[in-house]
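Data first, discussion second: the structure below is written as structure tokens.
We did not get these values from a lab; they are worked out from the coordinates using the rules stated. None of the values given here were measured: they were computed from a predicted structure. Because the Cβ atoms are built from the backbone with ideal geometry, glycine has one as well, and the counts that use them run over all protein chains shown.
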Amino acid sequence: MKNGHIELGEILFVALLIIGLAAAAFIFIGPKPAYPSVPGNLSENGSDEPQDRTMPAAENQTLPTQPEPQPVQAAPPLANGTMGSILDEGLSRADSLFYSRVESGQYEIKTYKWTMGKLNDLPDSIQIKANDIRAVDVRFDGRYSDSLRGFAFRVYSYSGYSSPSKIYGVAAFISDSNPLEGMNASVDVQYDLAPEGAQIIEGCSVLSASEYGTAAGTPLHVYDIECKVMYGANP
């Protein structure tokens with residue numbers, strides 16, 4: 001500089017000094033980002049746009065209906081007697097029913113009893129056989145039943161009176177299929193082994209039914225019956 005004038009070289013030096021200081025400041029501070037970056041907020045396509053993080057509502061689901069537990073059917077009681085004892089028990093029930101309904105007086109009692117085998121046989125000692133004619137002596141509405149194993153009844157008649165007799169009996173079958181199962185009407189029974197000859201017992205209806213099981217697992221059905229009148233099959 002001479003006499004207050006700035007020379008050209010001095011001007012260039014000052015300009016280069018200013019440019020150098022500006023470049024140093026830019027390197028030290030670095031470029032300012034156009035948008036602030038929020039870590040962990042990138043969308044799937046790499047943009048910085050905010051994402052909707054609301055979880056989708058669970059769809060209504062109908063759970064499968066659980067089946068209701070079925071009641072366990074109890075096994076029928078075990079029949080531990082012979083055919084003779086089963087029929088005798090039925091006749092004892094017949095006596096109790098008759099005595100509870102009649103007045104005191106003189107009366108005659110006749111007992112009729114039939115079994116396919118022997119009285120001391122077990123109920124299922126004789127297996128069911130199709131068309132077993134051994135059961136033909138007792139017929140229900142004219143037909144015999146292969147599963148019949150015992151039949152007995154008593155006729156209670158008043159002595160010296162003309163009032164009708166009372167008839168109560170018992171029938172035992174070793175199968176669910178029998179002529180008395182589910183019977184709603186009365187049935188006529190023909191009994192061929194009466195000492196006075198074959199008899200017709202009319203209007204027999206079921207008073208009670210009991211189910212048992214034998215030691216071999218065979219079903220045993222016992223029916224208490226009441227009948228209206230008995231007369232000879234061949235008068």
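Among the trypsin sites (Lys or Arg not before Pro) in region 84-179, those placed in a DSSP loop whose Cβ has at most 15 other Cβ atoms within 10 Å are R101, K118, K129. Taking 24 Å as the limit for the C-alpha separation, the pairs K113/K228; K129/K166; K118/K166 exceed it in the case of K129/K166; K118/K166.
For region 83-232, the Kirkwood hydrodynamic radius from C-alpha pairs, put into Stokes-Einstein at 10 °C and a viscosity of 1.306 mPa s, yields a diffusion coefficient of 101 µm² per second.
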